Amino acid sequence: MTENEGSNNQKSGADYVRAMFAAMITARVLENKLSSLYKAGKIVGGVYLGKGQEAVSAALGAALIPGKDIFAPLIRDQAGRTAFGEPLIDCARAYLGSALGPMRGRDGNIHRGRPLEGMLAMISHLGSAVSVVAGALFAKRLKGELLGCVGATCVGDGATSTGAFHEGLNLAAVEKLPLIVIIADNQFAYSTPTSSQYACHDLVDRAKGYGVAGHSVDGTDFLACAAVIGDAVKRARDGDGPQLIVAKLLRLSGHGEHDDGSYVPAEIKQSHYGRDCLDVAEMQLLEYGILTKEVIASMREIAATDVQAAVAQAQQEPTPDPYQEVWHAWSTERFYSENS
Amino acid sequence: MSVTYIDAIREAQEHLLRDDPRVFLYGQDIAAFGGAFKATKGLSEMFPGRVIDAPISEDAMAGMAIGAALEGMRPIVEMQFADFSSIAFNQIVNHAATHFYRTGMPVPITMRLPSGGTAGSGPFHSQSMETIYAHYPGVVVVTPATVADAYSMLIESVKLDDPVIYCEHKFLYRWLKAQSFKGDGLPIGQARITRMGRHATVVTYSAMVHEAVRAAERLQQESGWEIEVVDLRSVKPLDIDTVLASVARTGRLLALGEAFPWGGVTAEVVARVVADGFHLLEAPPMRLNARDTPVPYHPKLWAAHRPTPESICDSLRKLLSY
Amino acid sequence: MPRVAIIMPQLGESIAEATVVRLLVKPGDAVLTDQEVIEVETNKATMGVTALCSGILEELRAEEGVSYTVGTILGILEVTEEEVTRTGVDTIEALEAKFLQSATEESQQKGEQNLHFAVDGDGYEEAAPPQIVPTVKGLSVPTGTMGAHYISPRMRARMDEMGLREADLSAIVGSGAGGRVTVDDLERFLDYIQTWPSSNASPMRLAVADAMRRSWTRPLATVGTSVGLDLLLNHRREQTKKPGLTLYLLRAFAIALTEQPAVAGFLIGAKVVHPRSFDIGVAVAVEDGVLVPVIRKVNEKSLSELVQEYDDLVDRARRRRLTEADTKGGIATVTNFGTFGLTWGTPIPLPNETLILGIGAGVKKPVWSERLSAFYPATEADLEMTFDHRVVDGGGAGLLLRRIVDLLQKPVDL
């Protein structure tokens, strides 16, 4: 992890929002590139984007301390991954099937991770990361290393219906672990609207049931995300136990790039949550004088150059070789025999 | 002074907690209460904070262990009954089992599964789950049949970097006694010839090893047949070399297991022997498993559901008269 | 200038093709990286196909309203070298080179591996499943296993190790299921015969044993009749180079076979293999065995022509001086066991032949003559033919035998 290295404190103030915004821009440029590569037939498998969720995801990623905190990103967390310090080449390699990537072609796209460095490699089974992050925090406690650490994961509204989500959050609450769970309530789980997903008035009401702190935030409001999510992470860090944050937003793409999201009604697209958090962010940053137009333009340019360079590099790297592959799933090498 | 199978499990955990600071125990009712079967009796007092009661959340218990293992710990999770591990199935087979292959980082967790039938336990407290987990790449599945193996294999399981499903047989807990925990030091992945013979080979594991030995003794007294019994010890990895060497001696194979009949360990053993040792076979290989129904509650039904010395003798007589 | 392809992308896991809805550019247009150039529609969604890099559209192969399978080249961009480097795209030339390289590499690898599902343009139609009625039900317990008819894989391996054949097991009483011989029965038998005096069989004995055992796997049947020899013996007396009785038989056999060649066919699976040439062998007794030299094209040579060839072969056989070629390619054999003073027998054909003709010793017998109303003395012998009943039936074999008897009554024609 490159960015933020050496810093042992949670970012705050202008540093924090600038880091957020930089990650959001990079994520958006990167994801547009991924979409384009997909539509040019360069990507094997699916492409899943976080358009519309960047503010929420970046607010979390930028509030975490790499090398210290645990982060389990989910499907729409490119901005959070970038803010947490994941190099762009990891993403390019995973999507383009480079053998040099973190998953070496054995797994792809958003399943990548760097578990040794505290960024977990997600599996497709929703909700399952909640207890895993809790376990990592539990281990830190047993080792006496928990002080000042947090763990975080994102889920969508759909994952809140799983048993794993419930079990994991309840366990974290019982153990009073510094776990931040963000529910990106983006109104659709693939094509299923939230009316078929949950019957409570607002998912944040569940926080009380779990005995954890609950927070609501408008996921399209850049500064609100920074305030609410940054604060929740700080509370967890300071020993306030699990934090459940429900961010309201709208997914601004299909479930994946194979899906045009045509089932999303026009009135929802034109509603308040249909606005683009990047536009809101730019407006707010200019309004508060945190960044200038020129700086933003140059940030965009740098992002475009970096993304293009990563994609160009990954495309020319070797792909995995089935004849050289170690076809064993154990790490214990003495079990490697043709008969075992 | 003799020790039991459950003593071995408790002692092994005490040994591990004492020797390795990375080890902790997690499970339902295992702290002050000492576990549903008293496998952790007294350990929470000896090792405060390292023997922890879990909520009734098998999925989260397994997930928690995975997260802790990724942070460098060596968790041992007690499932109250193997049957309930079905709730943790996803975390075990999709999260833990795939992790090393996907990321290069192993997940050293040990899941203790109190397995198998006892009279009156019924459909949801009697299951044998080894087949289900052995199906998945990346998992190690061990099935100790002796007091010494229960002890040494639990210690070795925790030392292995791969996720281990440790199937401990509930029937053996207090029924099986030995003079000490000391055994022959065989490692996981190696089968043992429990009883020498030359007329037929019974390949089995866990509690069925003892049923097979009883059947073998009966046939010896009855008609002088000498039955060899192979204890697989771990069903994955499967030590097919020892099995083939035994079948090479006897020419006749009975694969015996307490699990349900469809697919499974016995089917795997037969398939591999036929594939790799067809020329060794003097008779069609046989399988004997539990019946293809849920495990019944009533002791009379239960006794007829699983293989017994009587049914094993019947199978062997058929095999020997071929 | 380098060229870069615009291809039909895989737009979803189960999508094999998509329809072009609209062409957004035309040849000659400048196209930018990531620009949508073609709008396509799948059964799931509508989306734009993008360009991987900037360039000039050199060629547009797609047409509106037409479906193309995934991977089809829809258009080609002309691109600068700098743009290729900047974006890391593969040019058409580079892709071809990679493909050729990987094809060579793969062919060097051992065995072919199907590394992914084949998605080809034609798709795959499932064939209607065949209606199969199972004919075997129940356990794999062998039926009718008395003796060594059924051999377990283990016993087969043990027999191979010992060089034993099923015929060697005929003396063993089986104790297994259905009376089959088990490997323990075999071991006991081997222990038992250890207690008897024994010696090693000669190579000649083993060769004959092997041939006879292989032949005996077929359903063999024997028919016979008697044949008068007086005319033949008279004819023989008149010759300067005197042909043997066996040679008369060879000649008659060959002529009869040229008239009815189907009888000498050799059955393999569903095919009957027919004679290429009427080459017939003659059984010659040698020490501890029998050899069968073959006389070529017996149908095309006269008796007198054959005498020298016959005598030479028989002589060489007795001296064990036959070459491998001398014993190859026969379609049938003649054996004269009358030389041992025997009057009849059931000879066994060679394993690669369907027929064998045998003759016993000539015997003087009173024969009733209707014309003279009296017995008169005549020399007769029994003539037997053994045949593979899969190829020939009693009728066919009888017809052939009758014809041979007739031919032997007119020795002048031989």
Open item on the list: Using all alpha carbons of segment C:313-414, what is the percent of pairwise distances in each 5 Å bin, ordered from the shortest bin to the longest?
Closed with: 2, 10, 14, 19, 20, 16, 10, 4, 3, 2, 1, 0
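Given C-alpha coordinates of segment C:205-413, what is the ratio Rg to Rh with the Kirkwood estimate of Rh? Walk me through the numbers before you get to the answer.
Values: Rg = 17.0 Å, Rh = 17.6 Å.
The Rg/Rh ratio comes out at 0.96.
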Task: Rounded D (µm²/s) - chain B, Kirkwood Rh over Cα pairs, Stokes-Einstein at 20 °C, 1.002 mPa s - done: 108 µm²/s
- [ ] Could you tell me, in Å, what Rg and Dmax come out for the Cα atoms of segment C:190-274?
- [x] 20.8, 62
TODO: Scan chain C and hand back the longest stretch that contains none of the GluC sites (Glu not before Pro) lying in DSSP loops with at most 15 other Cβ atoms within 10 Å.
DONE: C:127-286
- [ ] Place +1 on the Cβ of every Lys and Arg and -1 on the Cβ of every Asp and Glu in segment B:33-158, take the dipole about the Cα centre, and give the residue among B:33, B:118, B:47 whose Cα lies farthest towards its positive end.
- [x] B:47
- [ ] For a label point 7 Å from the Cα of residue C:405 along Cα→C-beta, name the residues of segment C:240-273 whose backbone N is under 17 Å from it.
- [x] C:249, C:252-253, C:256-257
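Stretched out fully, how many nm does the piece from residue C:315 to residue C:346 gain, at 0.36 nm a residue minus the Cα gap? Before the final figure, lay out each step's value.
Numbers: separation 31, 0.36 × 31 = 11.16 nm, distance 2.53 nm.
The residue C:315-residue C:346 span can extend by a further 8.6 nm.
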Task: Amide hydrogen neighbours beyond the local backbone of residue B:255, cut-off 5 Å, H modeled - done: B:203, B:286, B:287, B:288
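Is segment C:153-198 best put as rounded, prolate or oblate by its Cα gyration tensor, with a ≥ b ≥ c the root eigenvalues, rounded for a/c under 1.5, and otherwise prolate when a/b is larger than b/c, oblate when not?
On the way: a/c = 1.88, a/b = 1.25, b/c = 1.50.
It comes out oblate by the Cα gyration axes.
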- [ ] Would you mind telling me which residue in A:309, A:207, A:173 has the biggest mean-square fluctuation in a Gaussian network model of chain A, where springs connect alpha carbons within a distance under 10 angstrom?
- [x] A:309
Open item on the list: Kirkwood hydrodynamic radius, chain A, all distinct C-alpha pairs: what's the number in Å?
Closed with: 20.4 Å
Open item on the list: Between 0 and 90 degrees, rounded to the nearest ten: what's the tilt of helix B:5-19 against the longest Cα principal axis of chain B?
Closed with: 40 degrees
- [ ] Between the alpha-carbon centers of segment A:278-312 and segment B:4-20, tell me the distance in whole angstrom.
- [x] 59 Å
Task: Rg over Rh [alpha-carbon atoms, Kirkwood Rh] for segment B:71-164 - done: 0.97
Open item on the list: Within chain C, which whole H helices from DSSP have a Cα span along their axis of at least 20 Å and a mean Kyte-Doolittle hydropathy of -1.0 or more, if any?
Closed with: C:92-108, C:245-259, C:303-318, C:394-408
Task: Calculated SAXS-style log₁₀ I(q)/I(0) at q = 0.06, 0.11, 0.14 Å⁻¹ - chain C, Debye, Cα scatterers - done: -0.57, -0.92, -1.25
- [ ] Could you check the simple spin-label distance between residue A:294 and residue A:125, using points 7 Å along Cα→Cβ, in nm with one decimal?
- [x] 5.5 nm
Open item on the list: Over chain A, with a Gaussian network built from C-alpha contacts below 10 Å, which listed residue (A:191, A:131, A:57) shows the highest mean-square fluctuation?
Closed with: A:191
Task: Cα-projected label distance for residue A:227 with residue A:208, points at 7 Å along beta-carbon direction, nm - done: 2.3 nm
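Set the Förster radius R0 to 35 Å, insert the Cβ-Cβ distance between residue A:333 and residue A:143 as r into 1/(1 + (r/R0)^6), and round the FRET efficiency to 0.05. Spell out each step's value before the answer.
Values: r = 28 Å, r/R0 = 0.79.
Once the sixth-power term is evaluated, E becomes 0.80.
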- [ ] Quick one: P(r) of segment A:128-259 from all Cα-Cα pairs, 10 Å bins, percents rounded to integers, in order of increasing distance.
- [x] 13, 44, 32, 10, 1
Open item on the list: Using a 7 Å offset from the Cα along the Cα-to-Cβ direction at both residue A:190 and residue C:29, what is the distance between the two label points in nm, to one decimal?
Closed with: 3.5 nm
Task: Distance cut-off 20 Å, percentage of C-alpha pairs in segment A:1-148 lying past it - done: 48 percent
- [ ] Specify the residue with the greatest mean-square fluctuation among A:141, A:76, A:104, computed from a Gaussian network of chain A linking alpha-carbon atoms under 10 Å apart.
- [x] A:141
Open item on the list: Suppose we keep just the alpha-carbon trace of the protein assembly as shown; what are its Rg and Dmax in angstrom?
Closed with: 42.5, 147
Task: Cα gyration tensor, segment C:3-108 - rounded (a/c under 1.5), prolate or oblate - done: oblate
Task: Cα pair count fraction exceeding 21 Å, expressed as % - segment B:192-320 - done: 33 percent
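Once you order the gyration tensor axes a ≥ b ≥ c over the Cα atoms, which shape class does segment B:3-178 get: rounded for a/c under 1.5, otherwise prolate or oblate by comparing a/b with b/c? If you can, show how the numbers build up before the last one.
Values: a/c = 1.44, a/b = 1.17, b/c = 1.23.
Taking the square roots of the gyration eigenvalues as a ≥ b ≥ c, segment B:3-178 is rounded.
Where a number appears in this text, it was derived from the coordinates with a stated rule and is not lab data. Model, not experiment: these values are computed from the prediction. Note: ideal-geometry Cβ built from the backbone for every residue, glycine included; neighbour counts use all protein chains shown.
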